[in-house]
Amino acid sequence: MLDKIFVYLTDQSGGVAYLIIFGILVLCGIGFPVPEDVPLIATGYLIWDETLTWLPAILVVLVGVLVGDTILFFLGRKMGLRILETEKAQTLFTPEKVRRTRAYFRKYGDKIIFFARFVAGFRSMAFFMSGAMKMEYRRFILLDSAAAAISVPLWVAIGYGMGYYLGDEISQILRSVKHLKYAITSVILVIAILVIVRSIIKYERAKTEKNGRRT
């Protein structure tokens, strides 16, 4: 899915690309199963590709990251630890991970918020727990912003470096994918139509049989 979005982004004007990158980062912040570093690296490549420009891109991704983190923080504040006891939540936040995070949080306090930004698998859990444990939001966002001011430009710079050194190879791959995406889209569309038609036929058949039994 993410590769298709990336291909799509390379065809867009800057405004649309900024909006999509922002949306992806917010979703990553609240638990979308994609590492946050991936869209940040993609942003760096898109700066090299001249789809985006440096200053607006850095500002947009920073705000996107912090908005996602803020949503997660207030989810923790509002729902507390109760949500972590539900079956669905435990598929993402296992009891062992919750216990470990609570122990780290009690022991290291503010430091865990700052360093959690650099640990992809631990980040969302730590930010949720900071809200659940009623940390002051101003303190949370200050620590998170300080860490993001380091990590975000670093990942964007890595993406730019990949474009600088491997841009021609990446462009060739993207062009190949672009040729394929229309065929893939057509196949998906045909399958979707067949599924819909089949569902309608089954529904009409079941309806007819039901009416027949009533008579």
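The values are calculated or read from the model by the stated rules, or taken from the named source; none is laboratory data. All values reported here derive from a predicted model rather than from experimental measurement. Virtual Cβ from ideal backbone geometry, glycine too; neighbours counted across all protein chains shown.
A few remarks follow.
- For the stretch 23-66, a residue qualifies if it is surrounded by fewer than 24 Cβ atoms within 10 Å (Cβ to Cβ), out of contact with any Leu (no Cβ under 8 Å at 6 or more places or on another chain) and touching a residue at least 60 places away in the same chain (Cβ under 8 Å), and the qualifying residues are Pro35, Asp37, Ile41, Ile47, Trp48, Asp49, Ile58, Leu62, Leu66.
- In this structure, Phe115 does not qualify as within 20 Å of the chain's Cα centre (by Cα), in contact (Cβ under 8 Å) with a residue 40 or more places away in the chain and either over 23 Å from Val16 (Cα atoms) or not in a helix (DSSP H, G or I) (or both).
- Arg175 being under 27 Å from Leu19 (Cα atoms), modelled with pLDDT under 80 and more than 23 Å from the chain's Cα centre (by Cα): yes
- Positions within the stretch 35-65 being in a loop (DSSP other than H, G, I, E, B) and either under 21 Å from Ser124 (Cα atoms) or among the β-branched types (Val, Ile, Thr) (or both), in sequence order: Pro35, Glu36, Thr51, Thr53
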